[in-house]
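Down below is the structure, laid out as structure tokens.
The values are calculated or read from the model by the stated rules, or taken from the named source; none is laboratory data. Predicted model only: the values in this text are computed from it and were never measured. Using ideal geometry, Cβ is built from the backbone for each residue, glycine included, and neighbour counts are taken over all protein chains shown. The accessibility values were calculated without ligands, DNA or RNA, using every heavy atom of the protein model including side chains. Shrake-Rupley method; radii C 1.70, N 1.55, O 1.52, S 1.80 Å.
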Amino acid sequence: MFALRAKAPRDSLLKIFNSLTRKKKVFTPINKQEVSLYCCGPTVYWYAHIGNFRTYIFEDLLRRTLEINGFKVKHVLNITDVGHLTSDADTGEDKIEVGARRENKTVWEIAEHYTQTFFEDAEKLNIQKPTIICKATDHITDMIKLIQRLEKNGYTYTIDDGVYFNTSKLKDYGKLIGMNFKRLNETLKAGTRVEFNPQKVNITDFGLWRFSPKDRKRLMEWNSPWGDGFPGWHIECSAMSIKYLGETFDLHCGGIDHPPIHHTNEIAQSEAATGKKFVNYWLHGAFLTFGSKKKMAKSQGDILTVQNLIERGFDPLAYRYLCLTAHYRSQLEFTWENLQAAQNALYTLREHMRRLSENLERKGKKTLKVKEYVKNFFKAVNDDLNMPKILTLVWKLVRNEMEMNNREKYELLLAFDKILAIDIAREVTTDHLPLKIEELIHKRERARKNQDWKTADELRDEIKKHGYLLEDTSEGIRWRKI
Ligand SMILES: [Zn+2]
């Protein structure tokens, strides 16, 4: 696109907020030719929910921002298909095994199924595919080697349920959240309800390798120099990021729940193994909250998926639009009304694009100040990915109808969509209901009037088989294509 092919202006170099330094600074990559980006991926025992996807959308925005700034991005995402236990502290049951029991499938089938669903949903949200997707189960040897390095450097000890990392041996343990070892341990001791193995030396110590229980065989387990078992959760991210991006790399992302435990422990074990700084920039996305201001947690069962949004008649990109309305470091409240408003805005934008495209030659009273818009665009996007500001810019452009040159305006909006990725130029379709479906709906209406609920339900199912979903609302029947 013409307008954004140019480099970012000198006065608006990309600045990002680094959780490690708690400062917003100009981003300087290790290697200008290729930026290295690692994102913590899904645990594939159940559907990823829209709260999870808020984080992946933010990471996608980061990648797109790096790309329009002229960087090539090597983007690595891991798939946790083993060993992530039911609590964030990596204790409790193995989630994949729980999923397998629930669905009466093998652990491998569960992991495969939910990995596939994850990428299908991501695609619907216009999240670009990572350069490298790596599964934990394919990297057990790399993890064992990393634990051996830690062992050699004197950071590990073995107790009856596994090999642990001794966090007291690292002088700056906890630096990511600005706490020292002592304070972290005291805080955890005061607040924790989790039962830890009393043989652990420090409360912050974490499992690198877990032994299989003696009384039963696990569905997924491997040999190791320490005994049969499976890796702890944190070690996979260190092993795989180092393997694909090197011992020190540029950017590491995740959700705001990651810094206290998962990312703190990733830093600890990586730096203890290599003796080098692990990551230069840490970025964390805030939660999507629901009515009660609570985050949506997969392990608590009650979740909303991308598919749920589609079933309620929403374009998945309306959800992406909703995410753009808040800065990635601010909480975003999800309500159906907010989503509806986002969809209305998105459809209005698309309708505007359609009208522009039909009249590209129309000249405005004066030519659109393309340069000024491009400058403001870069200023906003390079100011720690300020998407709400970009949306303001988009609407300013749309509303200044009389002063625009249509073609420039159209191309500029299309260029902005390189970041927004809401398919701004997609046609708004007004579907017509096929006659056959209309007849079936009428039949069902009659059945409902006669309180023949059985027939009504059967007809609803038949209509669904034809690819249409019905919804009974106070204003009457609503339908949509599935
Ligand atoms: Zn991770």
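With everything on Cα atoms, drop me the angle between helix 406-420 and the longest principal axis of the chain, reported from 0 to 90° to the nearest 10.
Value to nearest ten degrees: 20.
Picking from W209, Q307, T264, whose Cα lies most toward the positive end of the charge dipole for the chain (charges on Cβ: Lys, Arg +1; Asp, Glu -1)?
T264
Answer with one residue from T158, A341, Q33: the one whose Cα lies farthest towards the positive end of the charge dipole of the chain, charges on Cβ with Lys, Arg +1 and Asp, Glu -1.
The residue sitting farthest along the positive end of the dipole is Q33.
Just how many pairs of Lys in the range 435-481 have C-alpha atoms closer than 15 Å, counting pairs that are eight or more places apart or on different chains?
Count of close lysine pairs: 7.
Quick one: angle between helix 140-152 and the longest Cα principal axis of the chain, in degrees between 0 and 90, rounded to 10, please.
Roughly 40 degrees between the two axes.
Near R64, within a Cβ-to-Cβ distance under 11 Å, what is the net charge of the other residues, with Lys and Arg +1 and Asp and Glu -1?
Counting the neighbours of R64, the net charge comes to -2.
Given labels modelled 7 Å from the Cα in the Cβ direction, how far is it in nm from Q307 to E439?
Placing both labels 7 Å beyond Cα along the Cβ direction yields 3.2 nm.
Which net charge results for the neighbourhood of K105, defined as the other residues with beta-carbon distances under 15 angstrom from its beta-carbon, given Lys and Arg at +1 and Asp and Glu at -1?
Net local charge, K105 excluded: -3.
Mind giving me the FRET efficiency for E351 and D215? R0 is 45 Å, r the Cβ-Cβ distance, nearest 0.05 is fine.
Taking R0 as 45 Å, the efficiency between E351 and D215 is 0.10.
Suppose R0 equals 30 Å; then what is the FRET efficiency for T248 and Q331 from their Cβ-Cβ distance, rounded to the nearest 0.05?
0.40
Could you go through the range 20-36 in sequence order and give the Karplus-derived ³J(HN,Hα) for each residue, using 6.51 cos²θ - 1.76 cosθ + 1.60 with θ = phi - 60°, rounded to whole Hz, and x for Gly and Pro?
With the stated coefficients, the range 20-36 comes to 5, 9, 6, 9, 9, 9, 4, 7, 10, x, 5, 10, 5, 6, 8, 8, 9 Hz.
Say R0 is 35 Å: what FRET efficiency, to the nearest 0.05, do Q33 and K369 get from their beta-carbon distance?
My answer for the efficiency is 0.55.
Determine the dipole magnitude for the range 311-420: charges of +1 sit on the beta-carbon of Lys and Arg, -1 on that of Asp and Glu, nothing else is charged, the reference point is the Cα centre, and the result goes in debye to the nearest 20.
With only Lys, Arg, Asp and Glu charged at Cβ, the dipole is about 540 debye.
Show which lysines lie in cross-link reach of K389 when reach means a straight Cα distance below 21 angstrom and same-chain residues fewer than eight apart are skipped.
K7, K15, K23, K24, K25, K369, K371, K375, K379, K409, K418
Under 16 Å from the Cα of K169, which aspartates and glutamates turn up, not counting those fewer than eight places away in the same chain?
E151, D205, E266, E271
May I ask you to give the percent of accessible area on the chain that is carbon plus sulfur, with a probe radius of 1.4 Å?
Within the chain, the accessible surface is 50 percent carbon and sulfur.
Between R183 and D472, with labels modelled 7 Å along Cα→Cβ, what's the label distance in nm to one decimal, could you check?
Label-label distance for R183 and D472, simple model: 5.9 nm.
Quick check for you: with a 1.4 Å probe and neighbouring chains kept, what is the accessible area per residue of the chain, in Å²?
Each residue of the chain exposes 48 Å² on average to a 1.4 Å probe.
Test of understanding: what is the full-extension gain from R426 to N359, defined as 0.36 nm times their sequence separation minus their Cα-Cα distance?
Contour length minus the Cα-Cα distance gives 22.5 nm.
Label points 7 Å out from Cα along the Cβ direction at E120 and K145: separation in nm?
3.6 nm
Between T289 and N338, what length comes free when the chain is fully extended (0.36 nm per residue of separation minus the Cα-Cα distance, one decimal in nm)?
16.4 nm
Give the cross-link partners of K74 among the aspartates and glutamates, using a straight C-alpha distance below 12 Å as the criterion and excluding same-chain residues fewer than 8 apart.
E34, D250
Express the C-alpha Rg of the range 2-290 as a ratio against the empirical globular expectation 2.2 N^0.38 Å, rounded to two decimals.
Dividing the Cα Rg of the range 2-290 by 2.2 N^0.38 Å gives 1.01.
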